[in-house]
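Engineer: The structure that follows is given in the form of structure tokens.
The values are calculated or read from the model by the stated rules, or taken from the named source; none is laboratory data. It should be emphasised that the depicted structure is a prediction, and the values quoted were computed from it without experimental measurement. For neighbour counting, all protein chains shown are included, and Cβ atoms are generated from backbone atoms with ideal geometry for every residue, glycine included. SASA here: full protein model, heavy atoms, side chains in, ligands and nucleic acids out. Shrake-Rupley method; radii C 1.70, N 1.55, O 1.52, S 1.80 Å.
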Amino acid sequence: MARVSTATIKEKKQNGEKITMLTSYDYSMAAMVDAAEIDMILVGDSLGNVVLGYEDTLPVTMDDMVHHTRAVSRGTSYSMVVADMPFLSYHVTIEEAVRNAGRLIQEGSAQAVKLEGGVERVDTIKAILDAQIPVVGHIGLTPQSVNQFGGFKVQGKDVETARKAIEDARALDEAGVFAIVLECVPTPLAQRITQEVSCPTIGIGAGPYCDGQVLVINDMLGITRGHVPKFVKKFAHLEPLIQEALLAYKKEVESGQFPSAEHGFKMKSEVLEEL
Ligand code: KIV
């Protein structure tokens, strides 16, 4: 089956079909997500929290993103791979932003990039699009702005910030992004934006009326240690299963039950004798 393209994603909105997206950060997980025919895999800079153990996404570097994007890409043949542009990779100059977006495509083998921000990022997005690199926008609770927001808070709850979110979505749509992630915005605002823009909206903590949905894979599989946001639905509870397997392994190795003969390799008796 051919890989999902930007055209497939746009067609889904036109046909009223929901779009699926999940994060992945490594080859094995990406291969499973790809086999499930999820439309898009996001190599999110959430890898900072999920994989690298940072408190937020700010320390994630371009080299981190390229490394993980390459691993994810190797596991896929169907899902479109979208790589996040990390903090400071697109804020300093437009030229640097295009070069960094290009690295995620050229070295990471992603098909598209995602970056955070609205009106203030339009010129940068247009330059990346000029380099023939498809872009996903991201507005609402943009985690790279955590210090400006003063924490991870729902965005667009008052008239002023809701208006700003609508303006941002319109500006991104007009600039030519092929999808917009709406993170942690009230459901009616997400619904309004989804109706107003021509490109698909992909919600996370944005209610049921977006054109698609994205979740952090560790959250939905129930393997996140620590805080899991309220909007997450756990489709599996793998952490206790993994803990159980780890304890069983420890017990069997310590008692000598594992490995047994069936887990070893035979040797010809002549070789053994000569030895
Ligand atoms: O980094 C990430 O995983 C994201 C999603 C939460 C949308 O940007």
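Engineer: Please enumerate the residues belonging to region 184-193 that are within 16 Å of the ligand (Cβ to nearest atom) and touching a Gly at 6+ places or on another chain (Cβ under 8 Å).
Structural biologist: Filtering region 184-193 down to residues within 16 Å of the ligand (Cβ to nearest atom) leaves 184-185, 190, 193.
Matches in region 184-193: 184, 185, 190.
Engineer: For region 130-218, please list each of the strands (runs of 3 or more DSSP E) lying entirely inside it that holds at least 2 residues being surrounded by 24 or more Cβ atoms within 10 Å (Cβ to Cβ). Steps first, answer last, please.
Structural biologist: Numbers: elements: 135-140, 179-183, 201-204, 212-215.
So the answer is 135-140, 179-183, 201-204.
Engineer: What residue, among those in region 195-218 that are without any contact (Cβ under 8 Å) to a residue 24 or more places away in the chain and more than 16 Å from the ligand (Cβ to nearest atom), is nearest to residue 10 (Cα to Cα)?
Structural biologist: At the first step, the residues of region 195-218 found to be without any contact (Cβ under 8 Å) to a residue 24 or more places away in the chain are 195, 203, 207-209.
The next check asks that each one be more than 16 Å from the ligand (Cβ to nearest atom); those that pass are 195, 208-209.
Details: 195: 14, 208: 18, 209: 16 Å.
Checked region 195-218; the qualifying residue nearest to residue 10 (Cα to Cα) is 195.
Engineer: Next question, about the same structure. Which of (1) open to solvent by 100 Å² or more (accessible area, probe 1.4 Å); (2) in a helix (DSSP H, G or I) does residue 248 not meet, given it meets every other one?
Structural biologist: Tallying (1) open to solvent by 100 Å² or more (accessible area, probe 1.4 Å); (2) in a helix (DSSP H, G or I), residue 248 fails exactly one: (1).
Engineer: Something else: Consider residue 228 against the criteria (1) assigned to a loop (DSSP other than H, G, I, E, B); (2) closer than 18 Å to residue 46 by Cβ; (3) more than 16 Å from the ligand (Cβ to nearest atom): it satisfies all of them except one. Which criterion is unmet?
Structural biologist: Failed condition: (3).
Engineer: Turning to a different aspect of this structure: Does residue 123 satisfy the criteria of being open to solvent by 40 Å² or more (accessible area, probe 1.4 Å) and assigned by TED's automatic domain parsing to the domain that holds residue 183?
Structural biologist: Working: open to solvent by 40 Å² or more (accessible area, probe 1.4 Å): yes; assigned by TED's automatic domain parsing to the domain that holds residue 183: yes.
Here the answer is yes, as residue 123 does meet what is asked.
Engineer: Enumerate the pairs (first residue in region 98-124 and more than 14 Å from the ligand (Cβ to nearest atom); second residue anywhere and part of a loop (DSSP other than H, G, I, E, B) and of a type in the set (S, T, N, Q)) with beta-carbon separation below 8 Å, excluding pairs fewer than 6 apart on the same chain, so at least 6 apart or on different chains.
Structural biologist: 100/89; 105/111; 111/5
Engineer: Follow-up. If you check 43, 51, 4, which single one turns out to be under 11 Å from the mean Cα position of the chain (by Cα) and among the β-branched types (Val, Ile, Thr)? Outline the logic, then answer.
Structural biologist: Details: 51 fails: under 11 Å from the mean Cα position of the chain (by Cα); 4 fails: under 11 Å from the mean Cα position of the chain (by Cα).
Being under 11 Å from the mean Cα position of the chain (by Cα) and among the β-branched types (Val, Ile, Thr) holds for just one of 43, 51, 4, which is 43.
Engineer: Please state which one of 156, 203, 176 is at pLDDT 95 or above, of a type outside the set (D, E, K, R), farther than 28 Å from residue 133 by Cα and in the same structural domain as residue 116 (by TED's automatic domain parsing). Walk me through how you get there before you give the answer.
Structural biologist: On the way: 203 fails: farther than 28 Å from residue 133 by Cα; 176 fails: farther than 28 Å from residue 133 by Cα.
Selected residue: 156, the only one of 156, 203, 176 that is at pLDDT 95 or above, of a type outside the set (D, E, K, R), farther than 28 Å from residue 133 by Cα and in the same structural domain as residue 116 (by TED's automatic domain parsing).
Engineer: Another question, then. Filter region 219-228 down to the residues that are without any contact (Cβ under 8 Å) to a residue 60 or more places away in the chain and surrounded by 12 or more Cβ atoms within 10 Å (Cβ to Cβ), then identify the one that is nearest to residue 186 (Cα to Cα). If you could, list the steps in order and put the result at the bottom.
Structural biologist: So the first thing to find is which residues in region 219-228 are without any contact (Cβ under 8 Å) to a residue 60 or more places away in the chain, and the list is 219, 221-223, 225-228.
Applying the additional criterion that residues be surrounded by 12 or more Cβ atoms within 10 Å (Cβ to Cβ) yields 219, 221-223, 228.
Working: 219: 21, 221: 25, 222: 25, 223: 27, 228: 18 Å.
Among those that are without any contact (Cβ under 8 Å) to a residue 60 or more places away in the chain and surrounded by 12 or more Cβ atoms within 10 Å (Cβ to Cβ), it is 228.
Engineer: Here's a follow-up. Answer with yes or no whether residue 140 is modelled with pLDDT of 95 or more and either touching a Pro at 6+ places or on another chain (Cβ under 7 Å) or farther than 28 Å from residue 60 by Cα (or both). Spell out how you get there, then give the answer.
Structural biologist: Working: modelled with pLDDT of 95 or more: yes; either touching a Pro at 6+ places or on another chain (Cβ under 7 Å) or farther than 28 Å from residue 60 by Cα (or both): no.
No; evaluated as a whole, the condition is false for this residue.
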